[in-house]
1. Could you tell me what fraction of 2.2 N^0.38 Å the Cα radius of gyration of the chain comes to, as a two-decimal ratio?
2. So in the chain, which Cys have no other cysteine's beta-carbon sitting under 4.7 angstrom from theirs?
3. Under the classification rounded if a/c is under 1.5, otherwise prolate if a/b is larger than b/c and oblate if not, where does segment 88-164 fall, given a ≥ b ≥ c as square roots of the Cα gyration tensor eigenvalues?
4. Indicate the gyration tensor shape class of segment 220-356 (rounded, prolate or oblate), computed on the Cα atoms with a ≥ b ≥ c the square roots of the eigenvalues: a/c under 1.5 is rounded; otherwise a/b larger than b/c is prolate and the rest oblate.
5. Antiparallel versus total DSSP beta bridges in the chain: what percent is that, nearest 5?
6. Tell me, what is the percent relative contact order of segment 151-246, built from C-alpha pairs under 8 Å that lie six or more residues apart?
7. If you take the alpha carbon radius of gyration of segment 26-166 and divide it by 2.2 N^0.38 Å, what ratio comes out, to two decimals?
8. Need the C-alpha centroid separation for segment 82-120 versus segment 214-273, integer Å.
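Nothing in this text is a laboratory measurement; each read-out follows from the coordinates by a stated rule. The structure presented is a predicted model; accordingly, all values stated were derived computationally and were not measured. A quick note on method: Cβ atoms are made from the backbone with ideal geometry, for glycine too, and the neighbour counts reach across all protein chains shown.
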Amino acid sequence: MSETSRIIAATQAVSAPNYAPLPIVIHRGDGVWVWDVEGRKYLDCISAYSSLNQGHRHPKIIAALRAQANLLTLTSRAVHNDRMGTFLATLCAYCDMQMALPMNTGAEAVETAIKLARKWGYRRKGIARDSAEIIVCRNNFHGRTTTIVGFSSQAQYRDDFGPYSAGFKLIDFGDAKQLEQAISPHTAAFLLEPIQAEAGVHVPGDGYLDAVREICSRHEVLLLLDEIQTGFGRTGKAFAYQHERQAKPDLLIVGKALGGGVFPVSAVLGARALLELLQPGDHGSTFGGNPLAAAVGQAAVEVIVEEDLAARATQLGARLRRGLESLDSPHVTDVRGRGMLLGVQIAAQSGTARDFAERLLERGVLCKDTHAQVLRLAPPLIIDATQIDWLLEQAAFALQ
Ligand SMILES: *Cc1c(COP(=O)(O)O)cnc(C)c1O
């Protein structure tokens, strides 16, 4: 029995089967590469769903982790620590926002934004207590808590997990008219992803987010953007909404790459007047804003800026996209996305995206299907042109 089979069997014996991982066991990572326990090397085009924009074990981030680990790791928010303030200042400057509330996972940050929007609805907009509505999009992905899956339109995410929280209304993504029609005097907020990544990398039409921003402002509805997957340079800008002219949200929700590929760090950012609505005791998290997370998060943001990873995503993402298109594969019906977040649509008669992910795996490329017919390619943003060209050579074989 191979080392790989042995570890997978031992893991499956004790691990709840809520994932179906590719049949490899990763042991080490460095930059864009990971190695499995058999010593095989792979180019990581999953990047933990865009959590590894800075690559595996970025030296600056690991140095920050080590230095902080030698000083102080956790205090809880019962006292101040000397790292959180500088981290949040760096993050606010990067996000062009006044205040931030640190959490850990993405789903927690989304929950935080929902709480903020509701409190704002009651205290500022004057919505009657317990009747606030938040509009969300079909095919959304905002995480896995019970409140969040309650407004998922994906049966598998949602069925069997009810009863669900009330107060959410679904509309189609990409259709600003539907937003305008769905708004009522009870509407506190509109929550959406600027690109629906999990749903298969769906980019809305040009002008959609600008129109959404205008409609929200006109109806006194908060715009909540979930940039957990699209943020920190992934799409070629700091945040995906910046591809539009004036789509700045009221609350910006970030996570994933904010943790620098080390561990979960998330946050909600917005204007002081909004964030101030949460008073002591209203909300919290034992680990949120801990000094280790603050040190890692600060280094993670600094690497994005210092290495101009957004510009790399634009240049090298275009190279990857052009390369994929010029393969002219009979199995590919569409290549879409923005920057270094690409979706490759696999023709139904050619098999599933999972089949192609496994073919790529054999050639040393780690990528995964998102929904049955879409392969998502999202390598670390530190990838270089030679590595992109190597990836294209492997794709040429796997997609022929
Ligand atoms: C991953 C993701 C989340 C959830 O983040 P977790 O850290 O897994 O809780 C929420 N929204 C989007 C857009 C995501 O990609």
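1. 0.99
2. Within the chain, the cysteines lacking a partner Cβ under 4.7 Å are Cys92, Cys95, Cys137, Cys216.
3. Values: a/c = 2.48, a/b = 1.32, b/c = 1.88.
Oblate is the answer for segment 88-164, as a/c is 1.5 or above yet b/c matches or exceeds a/b.
4. Numbers: a/c = 2.13, a/b = 1.96, b/c = 1.09.
Prolate.
5. Roughly 65 percent of the DSSP beta bridges within the chain come out antiparallel.
6. Relative contact order, segment 151-246: 25 percent.
7. Working: Rg = 20.0 Å, N = 141, 2.2 N^0.38 = 14.4 Å.
So segment 26-166 has a normalised radius of gyration of 1.39.
8. 10 Å
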